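Notes for the one structure printed next.
Read-outs throughout are calculated quantities, based only on the coordinates presented, and are distinct from any laboratory measurement. Values in this document were obtained by computation on a predicted structure and should not be read as measured data. Counting neighbours? That spans all protein chains shown, and the Cβs are built from the backbone with ideal geometry, glycine included.
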Amino acid sequence: MTHCILRIALDTPLNAVFDYRWVCDSANEPQVGQLALVPFGPREVVGLIVAVVHETEVPPEKLKDALGVRAQLAPLSAEWLALAGFAAEYYQRPLGEVALPGVPKNLRVGTTVALDRAIKKLAKLADAHDGTPVNMPALNPAQQEAADAIGGARGFAPILLYGVTGSGKTEVYLQACAQVLAREPQGQILILVPEINLTPQLEGNIRARFPGVMLATLHSSLAEGERMLHWLAAHQGQARIVLGTRLAILASLPQLKLIVIDEEHDPSYKQQEGLRYSARDLAVWRAWQLKIPVVLGSATPSLESWHHAQAGRYRKLELKERAVSQATLPAVKLLNMEHHKPQDGLTQPLIDALKLRLARGEQSLLFLNRRGYSPVICCESCGWISDCQRCTAFMVLHKGERKLRCHHCSLEMRIPRHCPTCGNIDLQPLGRGTQRVEEGLQLLFPEARILRIDADSTRRKGSAQEAFDTVHRGDVDILIGTQMVAKGHDFKKLTLVGILNPDTALFSQDYRASERLFAQLMQVAGRAGRTAQADGGSASEVLIQTRYPEHPLYGAVVNHDYDRFATALLAEREQAGLPPYLYQAMLRAEAPELAKALEFLTAARDCVPHEGITINDPIPMSMTRVYNVDRAQLLVESPSRPALQAFLKEWMLRLREMKSRVKWSLEVDPVDI
Ligand code: ADP
Ligand code: ZN
Ligand code: ZN
């Protein structure tokens, strides 16, 4: 009986790898990549074995024993450990924080009952179902070319699949998948989608096409038992297709041969808290590491990806036409709100267009990216407005629940009966959210079946899916919703899209706002006219209500001209010295008083030499106060990514040494400036 030392990464805030003693014989040593249960302070936690050694600097009296090794679980592969290691280094976070949260909770508890049960269950499933695959539709020549290019790609091959909305990118993915699965008997494919709500539709498609293939899904709304089973199916190589949201990029996939990222421009691929990673960027790294193809699909690629494609680093495949013959891109028209005064938020031409669709039994979609009834209420006699006491934000009116709610800190209060300052009883809602538009629609079209889909209407688990099913069944005439309805869905009977109030994003101080707005408008516009209309069907239309019809962004939307828009935007970015021509990191600090946060950032600015790095002045964040905490930020920039990385590494060491009481965090490649 001898001892070995397990070097174990734990999910703790500090960069923590700890040594533990383990009794083992040399024939049966634990392996790097296995999980182990260890004591940590008063708790028992599961960590990741990153090295097995025979000596340690920890004095014997302080060395603790590991409590157990999860030997029934195959070790995480060296490739996976390298991926986690890369992400940890690149995003300047502890390895344990990258590696462990992605591992199902049931694997990170003291008992192995759930694990053993899941392993058994999967062993039984392995030789299960077969069935007749649904026929794949014949691809059009552009689709075929794209599918063959992806299916035939070897080695590291980043591919931008640039295809207009409705061009049939999904079919291309599926046929490319079929080729890869046929060629690689053990091979696995990872498909990422931006929204959980999009997984059921695609999941159904995949199951129908590949009935003999085990499919695992990974997203945040799985129950723990399911998550365990699906994660394990991927980890053991049984699931040959894994479909998931951004967190699935860190799944263990020992036989990964192809990665597909649908709607690669979508902001939800960026995690906005904790480990602030970009699933898209990690996917490209993972593909590079494994020497496999990665497909980035979009009608409006991110400027980063577009830039890579223009420079020849990514191969660009283009689908210029809609896949269904006779389905054409909708005609986009701008409705000048200076000329057409709105009634209940809707201008007359839009009301007429809705009437026409109702008469023809076609569906309409109204898009408004603001939930609630109205974003604020105010007193017209003294000017009081419904500020949140804890945030630099308004309390939003939720009329049905008779509440004001802050969307940032969730503070709720009853709607005041009279003005808190002057007593006036006539408080007015200002502006319009989805609930108010819904109410207006019900008055205008009492006979229509109207459905609202937003975060408020879909709180209950499964309710979003039910709502989308209702639309797909055709039991809805007018759909009103936020960005939840804008993405990906293939609504067959939809011929009209109305876009309400998109103007605010035109004047945002965030330089990415126009890129995002353009993508969003193209996405939502792309929901219209996806199938050929039956006889007498109206041509599909997109109507945008705006006060700035002259704005070039709208011109580009009208012309469906991503290409020109992107080229112009890239030229602007280059001139202004902005990403993708420059690399950035953002240090944020929060404290009960703004001065403390700024003080910390000022100290941070001056604490290391920084040649070749620009460190801007600390400034308050534009939404300064959230939940009684003030927030400030410091932007760091460099034209060289390696130089920035080297600086950040050094900087983080120093900042941790400062042991400031101010809470701070770093975001590499920040997206919200
Ligand atoms: P995208 O993801 O590019 O917006 P989808 O993949 O959702 O487009 O395809 C749009 C529609 O076209 C879907 O209804 C799909 O079934 C249909 N479709 C795709 N390819 C073909 C094809 N080759 N023949 C007929 N219909 C197709
Ligand atoms: Zn008042
Ligand atoms: Zn608040």
For 410, 364, what's the fewest-to-most ordering of other Cβ within 10 Å of each Cβ? 410, 364
Could you give log10 I(q)/I(0) at q = 0.13 Å⁻¹ for segment 295-375, computed by the Debye formula over C-alpha point scatterers of equal weight, without solvent? -0.75
Calculated over segment 583-668: convex hull of Cα atoms, volume per residue (Å³): 79 Å³
Loop only per DSSP, at most 16 neighbouring Cβ atoms within 10 Å: give me the trypsin sites (Lys or Arg not before Pro) in segment 404-449, ordered by residue number. 417, 449
For segment 2-76, place one equal point scatterer on every Cα, skip the solvent, and apply the Debye formula. What is log10 of I(q)/I(0) at q = 0.18, 0.22, 0.23 Å⁻¹? -0.64, -0.98, -1.07
Could you pull the Cα extents of segment 442-568 along its three principal axes, largest to smallest, in whole Å? 42, 39, 28
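As a footprinting exposure proxy, order 658, 586, 652 by other Cβ within 10 Å, with the fewest listed first.
Working: 658 13, 586 21, 652 16.
Listing 658, 586, 652 from fewest to most nearby Cβ atoms yields 658, 652, 586.
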Label points 7 Å out from Cα along the Cβ direction at residue 563 and residue 595: separation in nm? 5.8 nm
Can you list the HN-Hα couplings for segment 440-446, worked out from phi with the Karplus curve (6.51, -1.76, 1.60; θ = phi - 60°), rounded to whole Hz and with x for Gly and Pro? x, 5, 5, 6, 6, 10, x
Once Lys and Arg get +1 and Asp and Glu get -1 on their Cβ, which of 511, 433, 607 lies farthest toward the positive end of the dipole of the chain? 433
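In the structure displayed, which of 333/492; 105/461; 121/291; 105/492 lie more than 28 Å apart, Cα to Cα?
Correct reply: 121/291; 105/492.
So what's the convex hull volume per residue for the Cα atoms of segment 430-488, in Å³? Spell out each step's value before the answer.
Values: hull volume 5.2 nm³, N = 59.
Normalising the Cα hull of segment 430-488 by residue number yields 88 Å³.
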Relative contact order (percent) for segment 2-76, with alpha-carbon contacts under 8 angstrom and 6 or more residues of separation? 38 percent
Dimensions (Å) - segment 255-295, Cα atoms, principal axes, largest first: 29, 20, 14
Given the candidates 288, 348, 31, the one whose Cα lies deepest towards the positive end of the charge dipole of the chain, counting +1 at each Lys or Arg C-beta and -1 at each Asp or Glu C-beta, is 31
Over 44 Å, how big is the tail of the calculated P(r) for the chain, in percent of all Cα pairs? 28 percent
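If neighbour count is taken as other Cβ atoms inside 10 Å, put 5, 259 in order from fewest to most.
Ranking 5, 259 by Cβ neighbours within 10 Å, fewest first, gives 5, 259.
Using 0.36 nm per residue of separation minus the Cα-Cα distance, give me the extension gain between residue 120 and residue 338 in nm, one decimal.
Numbers: separation 218, 0.36 × 218 = 78.48 nm, distance 6.67 nm.
Between residue 120 and residue 338, full extension yields an extra 71.8 nm.
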Within segment 561-625, report the GluC sites (Glu not before Pro) that DSSP leaves as loop and that have at most 11 other Cβ atoms within 10 Å. 593, 611
dims of segment 141-319, Cα set, principal axes, largest to smallest, nearest Å -> 44, 39, 31
What would the Debye formula give as log10 I(q)/I(0) at q = 0.19, 0.24, 0.29 Å⁻¹ for the alpha-carbon point model of segment 394-460, no solvent? -0.89, -1.17, -1.37
